[in-house]
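Q: Take this structure first; my questions come after.
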Amino acid sequence: MFGFGNKEKKDKTKNPEYIALVEKWDAFLEKIETRFKESLAPAEEAVLDQLEDGNYDMISNMTAWSGIKSQLLQLSDKIETTFDDKVGPKMLEYIERYDLIDQDQKGVVLGESFRPRIERFEIILEGKVAQRFFDHAIQFLNEDFHCTQCNGKLEVKKDVFRSHYVGCDYCNTTNTFTPNNKITEIRWVVDNIAKHKALKEWDEKELARKSCKSIRSLRDGDDKTELVNAYNNWETKEKAFWTKYFTERATYVSEYKDTIAHDVEVKMEWAFYDDKKRSDLYN
Ligand SMILES: [Zn+2]
C-alpha cells in the first residue's frame, strides 16, 4: 500500500561497527576468564607456602586465602562496571536497549560462574592445607608423654585431640593430658580433610541440586512427576554427601562416630528439606 511497505526493517545488529564492539566485548570476557583460571594455580601454591612460612598458623593462613578469594570475586564487579560504563553505552549508539540484553547476559553468566567455581576450588585447597597441617601437628601427639609421678610412659588417646585423663599403667596415678594448640586445632581441620575426601559426592549433589532447580515453576494441574524425581535424586545425592563427610570425619575423631546419623539429619534439614518444603511439590 505504501511505498516502503515491503522494505525489510534493517537489522541493526548486523552493522559492522556494532559487530566490532561485540568482538571487543567477547575478547574482554575471554581475558577475564583467562585471568580467573590462571590465578587459581598460583593461589594454591601461595596459600600452601604461607602455611609453612607462617609456622602453621591456621588463622593467618585463612586470612591469606580470603584476600585472594575476594580479589577473584571482584572480577565479576569488573565485568559489570565495564559493561555498564563503557560497553553498553557504546553499543546503544547502534542498537536498541532490548538488543543489549544478550550482550549484558554474557557478562552476567561469566560473573556468576566465579562463586561456585571458587567454592569448589576452596574445598580442594582447604583440604590440602588441612592435610598438611594435620601431618605437621600429629607429630606432637606422637611424642612420648610421661607420668608426673613415676615418669612412666603414658598412652594418650590419638583420636580425641583434646584434654583427657590418662591413667598410668605403672603407678596408677591419673594424669591430665593437655595437648598443645596445634593438636587441639586438629579437631577442626579434619572437617576440611573430610570435605575434600567427599568431593566426588559433593559434585554429584551439586549437579542434582542444579538440575532440580532448573525445572521451571509449575502451575496448578501441571504434572509433577519430573519435579518429584528430581527432588528424590537430589535427596539421595545430598544424603550421600553428608554421610560420606561425617563418616570420613569420624575416622579422625572417634567420638564423632556415635552421632553420624544425627549429624546427617541436621544437615539434611538445612541443606535439603527446607528447600523441598517451599517447592512447587506442595502447591
Ligand atoms: Zn606413673
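Q: Take every Cα pair under 8 Å in the chain that's 6+ residues apart, average their separations, divide by the length, and report that relative contact order as a whole percent.
A: For the chain, the relative contact order is 13 percent.
Q: Just check the chain against the gyration tensor rule for me: Cα atoms, a ≥ b ≥ c as the square roots of the eigenvalues, rounded for a/c under 1.5, and otherwise prolate or oblate depending on whether a/b exceeds b/c.
A: Verdict is oblate for the chain.
Q: Separation between the I215 and Y165 pseudo-spin-labels, each 7 Å from Cα along Cα→Cβ, expressed in nm?
A: 5.5
Q: With the crude spin-label approximation of a point 7 Å out along Cα→Cβ, what separation in nm comes out for E143 versus T173?
A: So the label points at E143 and T173 sit 1.8 nm apart.
Q: Straight-line reach only, C-alpha to C-alpha below 18 angstrom: list the lysines that K257 could link to, leaving out same-chain residues fewer than 8 apart.
A: Hits, sequence-local ones excluded: K157, K158, K195, K197, K239, K244, K267.
Q: For the modelled label position 7 Å from the Cα of E122 along Cα-to-Cβ, which residues of region 55-84 have backbone nitrogen atoms closer than 17 Å?
A: Zone members listed by number: 59-77.
Q: Now for a separate question. Below 10 angstrom from the Cβ of V166, what's the summed charge of the other residues (Lys, Arg +1; Asp, Glu -1)?
A: -1
Q: What's the FRET efficiency of L199 with T81 using the Cβ-Cβ distance as r and R₀ = 45 Å, to the nearest 0.05?
A: Calculated transfer efficiency: 0.85.
Q: Still on this structure, I have one more. Counting helices only, and only those DSSP H runs with n ≥ 4, report the 222 nm mean residue ellipticity of the chain as the sum of -39,500 (n - 2.57) divided by its residues, in deg cm²/dmol to the nearest 500.
A: On the way: 9 runs with 185 residues, N = 283.
Here the helix-only value at 222 nm equals -22500 deg cm²/dmol.
Q: So the label point goes 7 Å from the Cα of R115 along Cα→C-beta, right? Which residues of region 184-217 then have their backbone N under 14 Å from it?
A: Of the residues in region 184-217, none has backbone N under 14 Å from the label point off R115.
Q: Among L199, T184, H164, pick out the residue whose Cα is farthest towards the positive end of the charge dipole of the chain, where Lys and Arg carry +1 and Asp and Glu carry -1 on C-beta, about the Cα centre.
A: The Cα lying farthest towards the positive end belongs to L199.
Q: Between the helical axis of 225-252 and the dominant principal axis of the chain, each derived from Cα atoms, what acute angle in degrees is found, rounded to the nearest 10?
A: The angle comes out near 30 degrees.
Read-outs throughout are calculated quantities, based only on the coordinates presented, and are distinct from any laboratory measurement. Here the structure is a predicted model, which means the values were calculated and not measured. A quick note on method: Cβ atoms are made from the backbone with ideal geometry, for glycine too, and the neighbour counts reach across all protein chains shown.
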